[in-house]
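Student: Got a structure for you, questions after.
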Amino acid sequence: MPATELVPCPLCGGTRDRELLITGPRRIVRCEACGVAFRNPRPSVAASVEEFGSGRAEVADEVWLGVRRRATFVRFLDAWPGPPGRVLDVGCGGGWFLKAATERGWAAVGVDLSPRAVRRAREGFGVDARQGSLEAQDFEPGSFDLVTLWNVLEIVPEPLALVRTIRPLLRPGGTLHLRTQNFPFQRAAFGAAQAVRGLGLGRALDRRPYLAFIFNATAFSARTIRLCLERAGFTDVRVVPSPPAPGDPYHALGRFAEWPLGLVKAASHGLAWAAHTVSGGRWIASASLEASARRP
């Protein structure tokens, strides 16, 4: 069990929070000043760095997950409005995004704490993946057109500090794009899971921890991810529902559920986009959200 510590709000530094829910070792609270939800207490910064640097935090079947997430990466890259440039992928894992970007003409660089993940990316795909923290890479300021964070911001101990570190690495007008879990959806899914447990079916959920909900160090909503990016000095923030990865990326239901689960997820994403459109962009009803912002 990693060492934990009580922490102030990761966005505003506030010290007053209200408990929202408890699931296993995770106690999720909401900051009374800015409204962001986060884990408190949480693993210490040193424990988090050691956990991700050791590789223990990686999913058991990274190839299975990577193949399914590739669809998200390809969709994003193929919709990019300009010519390919230089992209930095922070938390690059096994290099699936780097591979997709390189194939589309980008000069792609990745950074990850895990030596194991970086080795897989280099040996498996021949991409430029570098081990260590972002600060340790000594990248030139203004040297990237695009920086991506694919399901990374919610797991780092200090998300605002990370986004602030990224900002000067972008050229003026450059873009930060990220994907993260959507807290309102995850909280609703948690409530549904509790109701299922009330019916005596909790054992089935416990065998499939990714089936219902996911909570990490920080749980963002559309409003709080916008707040995070704006406090880091970004402008033109746009938040949209994120398409789910196809199939069953976390083995939640087993291999035979790939197509049925994919159909359910496609239908739910259609409903999420309909809600987003009808609300004028205010409602994000999907399991995850994506946000893009620009360095002025």
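Student: Considering only residues of region 22-60 that are among the charged types (D, E, K, R) and out of contact with any strand residue (DSSP E or B) (no Cβ under 8 Å at 6 or more places or on another chain), which is modelled with the highest pLDDT?
Tutor: In the first step, residues of region 22-60 are kept if they are among the charged types (D, E, K, R); the result is 26-27, 30, 32, 39, 42, 50-51, 56, 58.
Now drop any that are not out of contact with any strand residue (DSSP E or B) (no Cβ under 8 Å at 6 or more places or on another chain), which leaves 50, 56, 58.
On the way: E50: 87, R56: 69, E58: 69.
That would be E50.
Student: Now a separate question. Quick check on this structure: which one of V63, V109, V118 is in a strand (DSSP E or B) and either farther than 30 Å from H269 by Cβ or at pLDDT below 95 (or both)? First the steps, then the outcome.
Tutor: Values: V63 fails: in a strand (DSSP E or B); V118 fails: in a strand (DSSP E or B).
Step by step, each of V63, V109, V118 is checked, and only V109 is in a strand (DSSP E or B) and either farther than 30 Å from H269 by Cβ or at pLDDT below 95 (or both).
Student: Please work out which residue is nearest to R187 (Cα to Cα), limiting yourself to region 1-28 and to residues that are surrounded by 17 or more Cβ atoms within 10 Å (Cβ to Cβ) and under 19 Å from the mean Cα position of the chain (by Cα).
Tutor: Across region 1-28, the extreme among qualifying residues is I28.
Student: So, one more: Residue check, P159 against (1) out of contact with any strand residue (DSSP E or B) (no Cβ under 8 Å at 6 or more places or on another chain); (2) modelled with pLDDT of 95 or more; (3) surrounded by 19 or more Cβ atoms within 10 Å (Cβ to Cβ), all met but one. Which one?
Tutor: (1)
Student: Looking only at residues in region 121-171 that are in a strand (DSSP E or B) and of a type in the set (S, T, N, Q), which one is farthest from F215 (Cα to Cα)? Before the answer, list the steps.
Tutor: In the first step, residues of region 121-171 are kept if they are in a strand (DSSP E or B); the result is 128-131, 144-150, 170-171.
Now restrict to residues that are of a type in the set (S, T, N, Q): 131, 148.
Values: Q131: 26, T148: 21 Å.
Checking each candidate, the answer is Q131.
Student: Also: Considering only residues that are outside any loop (DSSP other than H, G, I, E, B) and more than 18 Å from Q186 (Cβ to Cβ), which ones fall in region 39-58?
Tutor: So in region 39-58, the residues outside any loop (DSSP other than H, G, I, E, B) come out as 39, 42-43, 45-54.
Scanning region 39-58 gives P43, V45, A46, A47, S48, V49, E50, E51, F52, G53, S54.
Student: To continue, here is another question. Yes or no: V87 in contact with a Leu (Cβ under 6 Å, 6 or more places away or on another chain), modelled with pLDDT under 95 and surrounded by 15 or more Cβ atoms within 10 Å (Cβ to Cβ)?
Tutor: Details: in contact with a Leu (Cβ under 6 Å, 6 or more places away or on another chain): yes; modelled with pLDDT under 95: no; surrounded by 15 or more Cβ atoms within 10 Å (Cβ to Cβ): yes.
No, not satisfied.
Student: Here's something else I'd like to know. For region 170-179, check the following and say yes or no: at least one residue is under 20 Å from L77 (Cα atoms), at pLDDT 95 or above, among the polar types (S, T, N, Q) and out of contact with any Gly (no Cβ under 6 Å at 6 or more places or on another chain).
Tutor: So far as region 170-179 goes, yes, one or more of its residues are under 20 Å from L77 (Cα atoms), at pLDDT 95 or above, among the polar types (S, T, N, Q) and out of contact with any Gly (no Cβ under 6 Å at 6 or more places or on another chain).
Student: Being within 30 Å of R122 (Cα to Cα) and not in a strand (DSSP E or B), is that true of even one residue in region 15-38?
Tutor: Quick first cut of region 15-38, residues within 30 Å of R122 (Cα to Cα) only: none.
Looking through region 15-38, none of the residues is within 30 Å of R122 (Cα to Cα) and not in a strand (DSSP E or B).
Student: When region 267-296 is examined, which residues are found to be of a type in the set (S, T, Y) and either in contact with a strand residue (DSSP E or B) (Cβ under 9 Å, 6 or more places away or on another chain) or over 26 Å from N216 (Cα atoms) (or both)? Before the answer, list the steps.
Tutor: Applying the first criterion (of a type in the set (S, T, Y)) to region 267-296 yields 268, 277, 279, 286, 288, 292.
Passing the criteria: T277, S279, S286, S288, S292.
Student: Does T102 satisfy being in contact (Cβ under 8 Å) with a residue 24 or more places away in the chain, assigned to a helix (DSSP H, G or I) and more than 21 Å from the chain's Cα centre (by Cα)? Even if it seems obvious, please write down each step before you answer.
Tutor: On the way: in contact (Cβ under 8 Å) with a residue 24 or more places away in the chain: yes; assigned to a helix (DSSP H, G or I): yes; more than 21 Å from the chain's Cα centre (by Cα): yes.
Here the answer is yes, as T102 does meet what is asked.
Student: Cβ-Cβ distance below 6 Å, separation of 6 or more or different chains: which pairs start in region 280-296 with a residue that is touching a residue at least 24 places away in the same chain (Cβ under 8 Å) and end on one that is crowded, with 18+ Cβ neighbours inside 10 Å and among the charged types (D, E, K, R)?
Tutor: S288/R179; E290/R179; R295/R167
Student: Considering each of A108, A79, A117 in turn, give the residue that is without any contact (Cβ under 8 Å) to a residue 40 or more places away in the chain, crowded, with 22+ Cβ neighbours inside 10 Å and aliphatic (A, V, I, L, M).
Tutor: Values: A79 fails: crowded, with 22+ Cβ neighbours inside 10 Å; A117 fails: without any contact (Cβ under 8 Å) to a residue 40 or more places away in the chain.
Exactly one of A108, A79, A117 is without any contact (Cβ under 8 Å) to a residue 40 or more places away in the chain, crowded, with 22+ Cβ neighbours inside 10 Å and aliphatic (A, V, I, L, M), namely A108.
Student: Do any residues in region 195-219 that are closer than 30 Å to E290 by Cα and assigned to a helix (DSSP H, G or I) have Cβ atoms under 7 Å from those of residues that are at pLDDT 60 or above and not hydrophobic (A, V, I, L, M, F, W, C), where the two are at least six apart or on different chains, and which pairs are they?
Tutor: These pairs meet every condition: L205/R197.
Student: List every residue pair whose Cβ atoms lie under 9 Å apart, where the two residues are 6 or more positions apart in sequence or sit on different chains, the first residue falls within region 137-163 and is without any contact (Cβ under 8 Å) to a residue 12 or more places away in the chain, and the second residue, located anywhere, is not in a helix (DSSP H, G or I).
Tutor: A161/P10; A161/A232
The values are calculated or read from the model by the stated rules, or taken from the named source; none is laboratory data. Just so we're clear, the structure is a prediction, and the values are computed from it rather than from any experiment. In this analysis, Cβ positions are derived from the backbone assuming ideal geometry, glycine residues included, and neighbour counts consider all displayed protein chains.
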